[in-house]
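So the structure is just underneath, and the comments pick up after that.
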Amino acid sequence: MAPIAGLQPIASLLVVDDSAAQREHAAGLCRALGVAAVHQAGGAAQALALLDSLSPPPSAMIVDIEMPGMDGVELLEALRIRNIELDLIVASGRESALIDSVLAIGAGMGLNMLAGLEKPLTLEALRHALSGQGSRLRKRAGAPGPAAGAPAAAPGAPAIAPGTLEQALACNQISVLYQPKVDIRTGLARGVEALARWTCPQRGEIPPARFIALAEQYGLIQPLTFGVMEQALRQAARWNSRGLRLTMAVNLSPLLLDWPGLARDIVALVERHGIPAEQVNFEITESSLVETRGGARGLLARLRLRGFGLSIDDYGTGFSSMQQLARVPFTELKIDRGFVHGSTERKNLRVMLKTAIDMARQLGLASTAEGIETLEEWRLLQQLGCTMGQGFFIARPMPGPDVPGWLRRHRERVDDLRAPDAERGQAAPA
């Protein structure tokens, strides 16, 4: 078939998709657009093998980003490593934020990303993409910047030898407490955040800010984080077995975002405990987005592809731009307590609080307010349309075995917390 008017002839194109039906659909559209040779691959490994064998190689590729084994982001990385140059179109049935994030990741690698398309593909959308009108993505994004080093130790930090923390990790002195997260409209508990605590036999309670900074400084953040995840997932599995389904939020240090094999290790740990990925949410501080590089964005995109939630933590305390927020497929925005405390008395805080909540809603993100301490703050957040709440007004962090008892007591407060227009619902069973 002759090329459609306005489209430069394309000699060869490769469609990569694990769904045979979607593959055939895309291939048929390409033929209708006059592509001379359309090749197909049912996965990333097969696509790489085809690229090695085809001569001349395809000039363009349509890539599904959600595939078993090697996903679309990993395929993009493989293309960069092998210096394979061709025009790329990302296609997915997932949310547009995730598609946009993968586009930005590929562009940041220096790949020529033509467009990101939602499935099912249409003839007009594909024609527009192949016409090259998305080819300026690479120039807009620019090449990835230099990797940032580990943060400097906080001024005035106590002199704790790294061996002391290392021994604490080996002796299981790091415990986990859980702080509930509650639906602000209904008052019902929906999840918890896992919080690390260190009780040193010699020094007593050591604040998290001190030992987490120490772990980051001396290369112990990986064992610390995985130790916390191990405890949190084990606790979630116990709750699940009793019919108590709560989302589990775990903090990820920005220093871990470039850790080799992090996504693989996280998936293996979660699967070992039998926890659905959708039940786990990873929180990344807003300030770390400033230095988020292509590799880190690729890691976060892979976690999102696997079904994990991603949260911008402490929103309002960093210096991230809207462009950087758009490059990562977040699902939740956590508003720092500094915007919540005092918001009922100070107009400027209310304005900033409303702006953050409205932005989250427009981006399709859940909004969670931290540090709620009074009923007045709770009611204000209800009026502003905040999704979730967390703070001492709801509950202090507590050991895992105490959560079911707290839930039973919390049910007695639900009617007082519920918004006037909220429907009555069932609290999570204990």
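The values are calculated or read from the model by the stated rules, or taken from the named source; none is laboratory data. Note that the structure is predicted; figures quoted are calculated from it, not measured. All Cβ positions, even for glycine, are placed from backbone atoms using ideal geometry, and neighbour counts span all protein chains on display.
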Residues in the stretch 355-370 that are assigned to a loop (DSSP other than H, G, I, E, B) and more than 30 Å from Arg197 (Cβ to Cβ) total 2
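Give me the residue from the stretch 47-95 that is among the small types (Gly, Ala, Ser) and in a strand (DSSP E or B) and, out of that set, farthest from the chain's Cα centre (by Cα). Before the answer, list the steps.
Within the stretch 47-95, the first condition is being among the small types (Gly, Ala, Ser), and the residues that meet it are 47, 49, 53, 55, 59-60, 69, 72, 78, 91-93.
Applying the additional criterion that residues be in a strand (DSSP E or B) yields 60, 91-92.
Working: Ala60: 29, Ala91: 19, Ser92: 17 Å.
Ranking the candidates gives Ala60 first.
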From the residues in the stretch 371-426 that are more than 27 Å from the chain's Cα centre (by Cα), hydrophobic (A, V, I, L, M, F, W, C) and in a loop (DSSP other than H, G, I, E, B), which one is modelled with the highest pLDDT? Phe393
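Residue-by-condition table, conditions (1) of a type in the set (Phe, Trp, Tyr); (2) touching a strand residue (DSSP E or B) at 6+ places or on another chain (Cβ under 7 Å); (3) under 30 Å from Ser311 (Cα atoms); (4) assigned by TED's automatic domain parsing to the domain that holds Glu124:
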site: Leu29; (1), (2), (3), (4): no, no, no, yes
site: Ala36; (1), (2), (3), (4): no, yes, no, yes
site: Ala44; (1), (2), (3), (4): no, yes, yes, yes
site: Ala60; (1), (2), (3), (4): no, yes, no, yes
site: Glu74; (1), (2), (3), (4): no, no, yes, yes
site: Arg80; (1), (2), (3), (4): no, no, yes, yes
site: Ile84; (1), (2), (3), (4): no, no, no, yes
site: Ile89; (1), (2), (3), (4): no, yes, yes, yes
site: Leu103; (1), (2), (3), (4): no, yes, yes, yes
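Out of all the residues in the stretch 9-34, which are without any contact (Cβ under 8 Å) to a residue 40 or more places away in the chain and surrounded by 18 or more Cβ atoms within 10 Å (Cβ to Cβ)? Steps first, please.
Taking the stretch 9-34 first, the residues without any contact (Cβ under 8 Å) to a residue 40 or more places away in the chain are 9, 20-21, 23-24, 27-28, 31, 34.
Listed by number, the residues that qualify are Arg23, Ala27.
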Going by the conditions given, is Ile335 in the same structural domain as Asn281 (by TED's automatic domain parsing), over 16 Å from Pro180 (Cβ atoms) and touching a residue at least 40 places away in the same chain (Cβ under 8 Å)? yes
State which residue pairs qualify: first residue over 15 Å from Gln382 (Cα atoms) and inside the stretch 343-357, second residue among the polar types (S, T, N, Q) in any location, beta carbons under 7 Å apart, and separation of 6 or more residues or different chains. Leu349/Ser343
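For the stretch 99-130, give me the residue count where each residue is within 16 Å of Leu300 (Cβ to Cβ) and outside any helix (DSSP H, G or I).
1
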Among the hydrophobic types (A, V, I, L, M, F, W, C), modelled with pLDDT under 90 and surrounded by 22 or more Cβ atoms within 10 Å (Cβ to Cβ), is that true of Ile105? yes
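For the stretch 207-232, which residues satisfy the criterion of being surrounded by fewer than 21 Cβ atoms within 10 Å (Cβ to Cβ) and either touching a His at 6+ places or on another chain (Cβ under 7 Å) or over 21 Å from Gly261 (Cα atoms) (or both)? Reasoning before the result, please.
In the first step, residues of the stretch 207-232 are kept if they are surrounded by fewer than 21 Cβ atoms within 10 Å (Cβ to Cβ); the result is 207-210, 212-213, 216-220, 222-223, 226-228, 230-231.
The answer is Pro207, Pro208, Ala209, Arg210, Ile212, Ala213.
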Checked the stretch 367-380 for anything closer than 20 Å to Gly309 by Cβ and either surrounded by fewer than 20 Cβ atoms within 10 Å (Cβ to Cβ) or out of contact with any helix residue (DSSP H, G or I) (no Cβ under 7 Å at 6 or more places or on another chain) (or both); matches are Thr368
Please state which of the following conditions Gly110 fails to meet, knowing it meets all the rest: (1) surrounded by fewer than 22 Cβ atoms within 10 Å (Cβ to Cβ); (2) in contact (Cβ under 8 Å) with a residue 12 or more places away in the chain; (3) on the phi < 0 side of the Ramachandran plot. (3)
